[in-house]
1. Does Glu308 qualify as being of a type in the set (D, E, K, R) and surrounded by fewer than 16 Cβ atoms within 10 Å (Cβ to Cβ)?
2. Quick one: which of Gln140, Gln148 is of a type outside the set (A, V, I, L, M) and surrounded by fewer than 17 Cβ atoms within 10 Å (Cβ to Cβ)?
3. Quick check on my filter: what residues within the range 147-188 are at pLDDT 95 or above and among the basic types (Lys, Arg)?
4. Can you go through Phe135, Phe113 and tell me which one is touching a strand residue (DSSP E or B) at 6+ places or on another chain (Cβ under 8 Å), over 19 Å from Val71 (Cβ atoms) and among the aromatic types (Phe, Trp, Tyr)?
5. Looking at the range 189-208, which of its residues are modelled with pLDDT under 95, crowded, with 18+ Cβ neighbours inside 10 Å and assigned to a helix (DSSP H, G or I)?
6. Pick from the range 19-28 the residues that are out of contact with any Asp or Glu (no Cβ under 8 Å at 6 or more places or on another chain) and not in a loop (DSSP other than H, G, I, E, B): which of them is farthest from Ser61 (Cα to Cα)?
7. Counting only residues that are within 13 Å of Phe150 (Cβ to Cβ) and without any contact (Cβ under 8 Å) to a residue 40 or more places away in the chain, which one in the range 209-225 is surrounded by the most Cβ atoms within 10 Å (Cβ to Cβ)?
8. Would it be correct to say that Arg185 is surrounded by fewer than 21 Cβ atoms within 10 Å (Cβ to Cβ) and of a type in the set (Lys, Arg)?
Amino acid sequence: MKAEQLWKAFGVQADYEAWAFGDEPDHLAQLVCQGIKTGTASAYPVYEAEGEKVPEAGEYSVILDSKDEAVCVIRTTRVRIIPFRDVPADHAWKEGEGDRSLAYWRKVHEEFFIGEMEEAGLVFTEDMPVVCEEFEVVYQPALDEAVQRFFRGDASGHDWFHTRRVLNLAIYLAEKEGADAPLCRLAALLHDVDDYKLTGGDFGVTEHAVQLMKDFGFSEETRDKVCAIIAKVSFKGADTEIPESLEGRIVQDADRLDAIGAIGIGRTFAYGGSRGQAMYDPAIVPQPGKTAEEYRKNSNTTINHFYEKLLLLKDMMNTDTARILAEHRHQVMEGFLKEFYAEWDFPKA
């Protein structure tokens, strides 16, 4: 996959640079994907000599291998310019190479910088300023593929295509609302992997999400943020929670938007059918306002689900952008129900 293809799959609207590590690009790219390598260093005088801009926090990069194939997207989180002699042990550890010691870092980087400086017509000294860059992995296509396999064969409306729609909605809302789009993307990607409706577990469990993030190199800080989001995303009747962060509220909105409108209607009937629920029974009345446990044990009809959840979601949206989108989708459901009852009662209607 080329850089342009990988960036398009990532879906975030921003500028990026595509590059490979100068020494052992395949090995170092693998360390990045494993979450071991979260830092790199470069010679500041080379930037000056070549007229290039020093990296800044918040910038994105597509990491390439030795064949110029894209492997992941990283985001720069911190940049420090430090004399070579003063580069600290914590940075050496973050670079993730060899035994991760400062002694190892100094040895291999002195050799590398001597050669790089000579090529630029410069001379290496221990006083040379070094650009110490720290970064985090924000996208690996292999994680998307793992989640896609996780939902393979689902026919309850919680399939990969639902996740993909929520992911796209989350990115859209994040960019409109000024939130952290990669964090919203990741949380949306993983929001259903521990869903009690699919796993039979409890509300708020994040076991599968945590393991997937560990497997694909996401930091503990990122894992904690994602778990805080997905633990509160689900609708729980009267016990529904609102995530604290803007990113959490956005992912909740994205999930709710996919539960309403034309897609929401289709998903509702798919889920009801997968659970053996009756489509409609006029003798069974809706019961809105259930507790989380009552909602979880619900065996009501599919039509009643509109009144117990779906028609409530428009007024539960957290963001202005989601409220605008929800208006039309809500009207679609109201129109559907009107037509449903007309056909149900035909020819009396």
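The values are calculated or read from the model by the stated rules, or taken from the named source; none is laboratory data. A quick note: this is a predicted structure, and the numbers were derived from the prediction, not measured. Because the Cβ atoms are built from the backbone with ideal geometry, glycine has one as well, and the counts that use them run over all protein chains shown.
1. No.
2. Result: Gln148 is the single residue among Gln140, Gln148 that is of a type outside the set (A, V, I, L, M) and surrounded by fewer than 17 Cβ atoms within 10 Å (Cβ to Cβ).
3. Within the range 147-188, Arg164, Arg165, Lys176, Arg185 meet the criteria.
4. Phe113
5. His208
6. His27
7. Ala209
8. So Arg185 does not fit the description; no.
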